[in-house]
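J.: Questions regarding the structure given below will be posed in turn.
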Amino acid sequence: MYQAVRGTSDILPAEQPYWRYIEQAVADISRLYGYRRIDTPIFEDTSLFSRSTGDFTDIVQKEMYTFDDRGGNSLTLKPEGTPPVCRAYIQHGLGNLPQPVKLYYISPIFRYDRPQAGRYRQHYQFGYEAIGEADPAIDAEVIDMAWRFYRSLGLARITLQLNSTGCRQCRPGYLSALKDYYNSYAGELCNDCKTRLEKNPLRLLDCKEPSCQKIAESAPKNAGHLCKECDEHFKKLQEYLGLLDIPFELNHRLVRGLDYYTRTVFEIQPEEEGAQSALGGGGRYDDLIEGLGGKPTPALGFAAGIERIILNLKKEGVAVPATPGLQVLIAYLGDAARTEAIKLALVLREAGISVVTTTGGKSLKAQMRQANSLEARYTVIIGEDEVKAGTATLRDMANARQETLAIGELAARLS
Ligand code: AMP
């Protein structure tokens, strides 16, 4: 028996109300803040991700679905949303529009992760990017938008973590302080961290191994190494977040998994769990567009995993609106009634009423069972007597009340 590939899942009809609820909230919040939708292809040139996400990140080293197409081009299924949006921004000259350009997306994301609750090999992210603005007011707006998005869904038990990772001027000084500190613990680090110390020292700070976490607690803090401009940017951002009444916690170990972040990084986490279960996160990436061959363009963005939001909606017991059910099921008995049922279904659908006609000549009992399972609001029953009289029985499924009507009256009555 075939199964969905490990780490992927089917979204069955019963789950769909959660997805519609979130998609609607995404569209609503995007409209409120003036973000417009962009969709990019499922795959891109592999080098787009190795150049932007970073050669030494977990994503590029271990998690990408990369393949050669029949023309010998190396392609990669989208492992994150930001690089494709930046590629599109450059490719379509969006830098010529008034800045910042504000875009949002909803997209499947592919990562060869170790599957577990809240971690899949195909998952969905929604994200937004504000491209072409360096002002910390836009950082505050993006964080505000993320915060209000979760609150608008009804999630109450969340926290916001904030940090600044500096810029290309001040980061080298911080990295060398970090390396000096970690070198004195080199023997105690996990194997991954030994590599990180060489290749990607910032990631030492968010290692999940308890022994490494202990070492990270006393590591030098980036905040003490920021240049004047980064320091001012970070202070202004905190001031604006105060104005917007957004509670945040400074977390000097928050670095996030991608190479391109500069200055602001932030994450939204469920209150009771640690960093492994981030509901979403983002940050500034002022050098990314230039690194991809565009003009120097400051930017920042945010991305959230939809499956994790659903897990938390369930955990917090948030009720989501049900999708509208079926309005009418037409049950019939006999061949002549079947002809009437087919004609009536057409008339009702033309009046905008949703209809399912049973098929295959089932017993009335089986047809009523089907009406219940489809949660039909009404059942129309056409038997041999009704065909002769040109009528139908209309049954209200909520209270089992029945009435007989002329077939020609049904559409108007149900409307
Ligand atoms: P990232 O691009 O790693 O910052 O991820 C953004 C958000 O996507 C995370 O905060 C999670 O909510 C979600 N996410 C990341 N990886 C996975 C995964 N493998 N499975 C499910 N959700 C994920």
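J.: Do any helices (runs of 4 or more DSSP H) lying entirely in the range 280-359 carry at least 2 residues that are within 16 Å of the ligand (Cβ to nearest atom) and farther than 21 Å from T391 by Cβ, and which ones are they? Steps first, please.
T.: On the way: elements: 288-291, 306-315, 335-350.
Ranges flagged: 306-315.
J.: May I pose another question? Kindly evaluate R111 against the criterion of being open to solvent by 40 Å² or more (accessible area, probe 1.4 Å) and within 22 Å of the chain's Cα centre (by Cα). Give the steps one after another, and end with the answer.
T.: On the way: open to solvent by 40 Å² or more (accessible area, probe 1.4 Å): yes; within 22 Å of the chain's Cα centre (by Cα): yes.
When the stated conditions are applied, R111 passes them.
J.: Step by step: first the residues of the range 297-317, then only those that are touching a Phe, Trp or Tyr at 6+ places or on another chain (Cβ under 9 Å) and among the aliphatic types (A, V, I, L, M), then the one that is surrounded by the most Cβ atoms within 10 Å (Cβ to Cβ). Which residue is that?
T.: Of all residues in the range 297-317, those touching a Phe, Trp or Tyr at 6+ places or on another chain (Cβ under 9 Å) come to 297-307, 309-310, 312-314.
Narrowing further to those that are among the aliphatic types (A, V, I, L, M): 299-300, 303-304, 306, 309-310, 313.
Working: A299: 26, L300: 30, A303: 19, A304: 22, I306: 21, I309: 25, I310: 21, L313: 18.
This residue is L300.
J.: Next question. Could you tell me which residue of the range 377-414 is least open to solvent (accessible area, probe 1.4 Å), considering only residues that are more than 19 Å from E350 (Cβ to Cβ) and small (G, A, S)?
T.: Within the range 377-414, the subset more than 19 Å from E350 (Cβ to Cβ) is 379, 381, 383-391, 393, 395-404.
Checking the rest, the ones that are also small (G, A, S) come to 383, 389-390, 398, 400.
Numbers: G383: 8, A389: 70, G390: 38, A398: 82, A400: 54 Å².
The extreme case among them is G383.
J.: Something else: Filter the range 254-296 down to residues that are open to solvent by 50 Å² or more (accessible area, probe 1.4 Å), out of contact with any strand residue (DSSP E or B) (no Cβ under 7 Å at 6 or more places or on another chain) and in contact (Cβ under 8 Å) with a residue 24 or more places away in the chain, then give me how many there are.
T.: Selection size over the range 254-296: 5.
J.: Then there is this: So which residues in the range 250-279 are near the ligand (Cβ under 9 Å from one of its atoms) and aliphatic (A, V, I, L, M), if there are any at all?
T.: Narrowing the range 250-279 to residues near the ligand (Cβ under 9 Å from one of its atoms): 256-258, 267-269, 277-279.
Correct list: L258, I268, A278, L279.
J.: While we're looking at this one, here's another question. Give the range 154-189 a look and list any residue that's over 15 Å from A216 (Cβ atoms) and either open to solvent by 70 Å² or more (accessible area, probe 1.4 Å) or small (G, A, S) (or both), or say none.
T.: G154, A156, R157, S164, G166, R168, Q169, P172, G173, S176, G187
J.: Only one of (1) assigned by TED's automatic domain parsing to the domain that holds V85; (2) part of a helix (DSSP H, G or I); (3) at pLDDT below 95 is not met by D192, so which one is it?
T.: Status for D192: all satisfied but (1).
Conditions tested, residue by residue: (1) in contact with an Asp or Glu (Cβ under 7 Å, 6 or more places away or on another chain); (2) outside any strand (DSSP E or B); (3) closer than 25 Å to V60 by Cβ.
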site: D231; (1), (2), (3): no, yes, no
site: F234; (1), (2), (3): no, yes, no
site: L237; (1), (2), (3): yes, yes, no
site: R253; (1), (2), (3): yes, yes, yes
site: F266; (1), (2), (3): no, no, yes
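J.: Separate question: Taking the range 62-102 only, how many residues are within 16 Å of the ligand (Cβ to nearest atom), among the aliphatic types (A, V, I, L, M) and either assigned to a strand (DSSP E or B) or out of contact with any Ser or Thr (no Cβ under 8 Å at 6 or more places or on another chain) (or both)? Can you show your working first?
T.: To start, the set of residues in the range 62-102 that are within 16 Å of the ligand (Cβ to nearest atom) comprises 62-65, 76-86.
Now drop any that are not among the aliphatic types (A, V, I, L, M), which leaves 64, 77, 85.
With the extra rule that they be either assigned to a strand (DSSP E or B) or out of contact with any Ser or Thr (no Cβ under 8 Å at 6 or more places or on another chain) (or both), the set shrinks to 77.
Number of matching residues: 1.
The values are calculated or read from the model by the stated rules, or taken from the named source; none is laboratory data. Just so it is clear, the structure is predicted and the values come from calculations on it, not from any experiment. Ideal geometry is used to build each Cβ from the backbone, glycine not excepted, and the neighbour counts take in all protein chains shown. These accessible areas exclude ligands, DNA and RNA; they are computed on the full protein's heavy atoms, side chains included. Shrake-Rupley method; radii C 1.70, N 1.55, O 1.52, S 1.80 Å.
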